[in-house]
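Novice: Below are the structure tokens for one structure; questions will follow.
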Amino acid sequence: MPRPTTMKNDMPNHAPSRPPLLLVHGGAGVIRATLTPAIEAEVKADLARALRAGHAILAAGGASLDAVEAAVVVLEDSPHFNAGHGAVFTHEGINELDASIMDGATRRAGAVAGVRHVRNPVALARAVMEKSGHVLLIGEGAEAFARHVGVPFVDAGYFRTGTRWQQLQEAIAKETAGQQSEQGRAIHYGTVGAVALDARGHLAAATSTGGMTNKRWGRVGDSPLIGAGTWADDRVAVSATGWGEYFIRAAVAHDIAARMAYGGSTLAEAAAAVIDGEVPRLGGDGGIIAIDAQGHCSLAFNTDGMYRGWIGADGIAHAAILAGDDA
Ligand code: ASP
């Protein structure tokens, strides 16, 4: 049964804000169980660094596309999130990384799935968008393309953290004990993402992840799928985090955009209908960050918390984790 859900949004009344605007997330889930004051401080500091990296670009008149890539790179490099360094492990003890990026003004998009040696998968997704003539490249082919365009490589061990290794051992032990019903539901999803509105009024979105702990058989979630984990057009930009199978089946990011485009919904209404409606109705959980062209923002989740942050024209970085935490 889907759990009861609530709409949680830290930006009061979805009031429009003046661009430039940047939102980031570092995953949704049952965060309270694992949060210590020390980890909370580090996570918030990393979210703020990501916001400042993107905001510096926007404040200098740069493009939303550059800002979301820069913010996601900071989060990929942090060990605290399930993307890049700190990504979760597959059943076989390997890190397989997925990422996507989309430019709202042009509707160009790029994505990669199942890469194992690319330091910043979001940068490779951007290269796919700009240099491959394709939208989604996977596995060895994606890495061959990465070598071709000169995206930095690392040894597979670069992505490993002790915490993620421990989580894999626990997931395998549970599975062996026959507790398969909870296998898909993660305590904390940890995917990262960013959405931005630049001074020219253009929107962009990017998402990056290691997927789900103990995944196998080449499993790919929503994060690299345009329309599921990531979407941007000239009306709205969306990046998602949550149980990917459900986010694919609900076409979360595009459904929010479509409700606004065809149904006349506001961003707040569209986000609520999907995150409090469609996703839990199917049995999934998670959240989204989104900005519309007027500067309305949504940080909506139906979980205990979502690592998230926002920065506006005043350049002050805000980071929050649990519901109602609007520091
Ligand atoms: N959505 C991601 C996936 O299913 C997981 C996450 O959000 O952390 O791959």
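Novice: Looking at the structure I just gave you, is ALA144 at pLDDT 95 or above and more than 26 Å from ALA71 (Cβ to Cβ)? Even if it seems obvious, please write down each step before you answer.
Specialist: Numbers: at pLDDT 95 or above: yes; more than 26 Å from ALA71 (Cβ to Cβ): yes.
Answer is yes for this residue.
Novice: Same structure, new question: Among ASP222, ASP233, which is in contact (Cβ under 8 Å) with a residue 12 or more places away in the chain and more than 24 Å from PRO19 (Cα to Cα)? Steps first, answer last, please.
Specialist: Numbers: ASP233 fails: more than 24 Å from PRO19 (Cα to Cα).
When all the criteria are applied, what remains is ASP222.
Novice: What's the total number of residues in region 243-285 that are among the hydroxyl-bearing types (Ser, Thr, Tyr) and out of contact with any helix residue (DSSP H, G or I) (no Cβ under 6 Å at 6 or more places or on another chain)?
Specialist: Of all residues in region 243-285, those among the hydroxyl-bearing types (Ser, Thr, Tyr) come to 246, 262, 265-266.
Restricting the remaining residues to those that are out of contact with any helix residue (DSSP H, G or I) (no Cβ under 6 Å at 6 or more places or on another chain) gives 262, 266.
Qualifying residue count for the region: 2.
Novice: Quickly run through region 236-265 and pick out the residues that are touching a residue at least 24 places away in the same chain (Cβ under 8 Å), more than 23 Å from LEU65 (Cα to Cα) and part of a loop (DSSP other than H, G, I, E, B).
Specialist: Scanning region 236-265 gives TRP243, ALA250.
Novice: A further question on this structure: So which residues in region 281-299 are within 16 Å of the chain's Cα centre (by Cα) and either more than 14 Å from the ligand (Cβ to nearest atom) or of a type in the set (Phe, Trp, Tyr) (or both), if there are any at all?
Specialist: Selection gives ALA290, ILE291, CYS297, SER298, LEU299.
Novice: So TRP217 passes all but one of these: (1) in a loop (DSSP other than H, G, I, E, B); (2) in contact (Cβ under 8 Å) with a residue 60 or more places away in the chain. Which condition number does it fail?
Specialist: Condition (2) is where TRP217 drops out.
Novice: Could you count how many residues in region 214-225 are more than 9 Å from the ligand (Cβ to nearest atom) and either surrounded by fewer than 24 Cβ atoms within 10 Å (Cβ to Cβ) or under 14 Å from ASP66 (Cα atoms) (or both)? Break it down into steps so the answer makes sense when it comes.
Specialist: Just the residues of region 214-225 that are more than 9 Å from the ligand (Cβ to nearest atom), to begin with: 214, 216-218, 225.
Among the residues that remain, those that are also either surrounded by fewer than 24 Cβ atoms within 10 Å (Cβ to Cβ) or under 14 Å from ASP66 (Cα atoms) (or both) are: 214, 216-218.
Result for region 214-225: 4.
Novice: With the condition kept exactly as written, say whether any residue in region 303-320 is within 28 Å of VAL115 (Cα to Cα) and free of Cβ contacts under 8 Å to residues at least 40 places away in the same chain.
Specialist: In the first step, residues of region 303-320 are kept if they are within 28 Å of VAL115 (Cα to Cα); the result is 306-309.
Next, from what is left, pick out any that are free of Cβ contacts under 8 Å to residues at least 40 places away in the same chain: none.
Within region 303-320, not a single residue is within 28 Å of VAL115 (Cα to Cα) and free of Cβ contacts under 8 Å to residues at least 40 places away in the same chain.
Novice: Please specify each residue of region 228-248 satisfying the condition of being in contact with a strand residue (DSSP E or B) (Cβ under 9 Å, 6 or more places away or on another chain) and more than 7 Å from the ligand (Cβ to nearest atom).
Specialist: Here is the first cut: in region 228-248, the ones in contact with a strand residue (DSSP E or B) (Cβ under 9 Å, 6 or more places away or on another chain) are 228-244, 246-247.
Selection gives ALA228, THR230, TRP231, ALA232, ASP233, ASP234, ARG235, VAL236, ALA237, VAL238, SER239, TYR246.
Novice: What is the one condition in (1) at pLDDT 95 or above; (2) among the aliphatic types (A, V, I, L, M); (3) not in a helix (DSSP H, G or I) that ALA28 does not satisfy?
Specialist: Answer for ALA28: the failing condition is (1).
The values are calculated or read from the model by the stated rules, or taken from the named source; none is laboratory data. Source: prediction; values computed, not measured. Methodologically, a virtual Cβ is constructed for each residue, glycine included, from the backbone with ideal geometry; neighbour enumeration extends over all protein chains shown.
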